[in-house]
1. Between residue 73 and residues 5 or more places away or on another chain, which pairs have amide H atoms under 5 Å apart, with H built 1.01 Å from N, and which residues are they?
2. Just the number, please: carbon plus sulfur as a percent of the accessible area of the chain, 1.4 Å probe, no ligands or DNA/RNA counted.
3. Return the sequence-ordered ³J(HN,Hα) values of segment 57-62 in whole Hz as given by the Karplus equation 6.51 cos²θ - 1.76 cosθ + 1.60 applied to θ = phi - 60°, using x for Gly and Pro.
4. Between residue 58 and residue 85, what is the spin-label point distance in nm, taking each point 7 Å from the Cα along the Cα→C-beta axis?
5. Which is farthest toward the positive dipole end of the chain among 29, 82, 43, measuring Cα position about the Cα centre, with Cβ charges +1 (Lys, Arg) and -1 (Asp, Glu)?
6. At 0.36 nm per residue, minus the direct Cα-Cα distance, what do residue 23 and residue 44 gain on full extension? Give it in nm, one decimal, please.
7. By how many nm would the segment from residue 70 to residue 11 lengthen if fully extended, with 0.36 nm per residue of separation less the alpha-carbon distance?
8. Would you work out the relative contact order for the chain, in percent, from Cα pairs under 8 angstrom that are 6 or more residues apart?
Amino acid sequence: MTNTAIAHTSVPVVDWLTGFLAELLDVTPDQIDPATGLDLLGVDSATTLVVCAKARDELGIPLRPREVFDNFTVDALARHLTARQPAGV
């Protein structure tokens, strides 16, 4: 998925994050509750760095680990990323 594939709504970003985290954590996407704290899902500091790199590469949005920790559910992180998407994406 490229940054042109994400619309200005958090739903596609929630879906992207859910799928990506499921792959990283070796679970099915339906095991990822978007309202659950990322730490309870198994996200640690190393996983956070991977999420930051993937957001930059896939979505074209620079993301710092602190921003992940400040938005520590899939829903909150998706809203944060959606708000940071460049106009016209």
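The values are calculated or read from the model by the stated rules, or taken from the named source; none is laboratory data. Every value quoted in this text rests on a predicted model; they were computed, and no experiment measured them. Virtual Cβ from ideal backbone geometry, glycine too; neighbours counted across all protein chains shown. Remember, those area values only see protein heavy atoms, side chains included, never the ligands or the DNA or RNA. Shrake-Rupley method; radii C 1.70, N 1.55, O 1.52, S 1.80 Å.
1. 38
2. In the chain, the share of accessible area belonging to carbon and sulfur is 53 percent.
3. My calculation for segment 57-62 gives 6, 8, 9, x, 10, x Hz in order.
4. So the label points at residue 58 and residue 85 sit 1.4 nm apart.
5. 82
6. Going from the current span to full extension adds 6.1 nm.
7. Contour length minus the Cα-Cα distance gives 19.3 nm.
8. 42 percent
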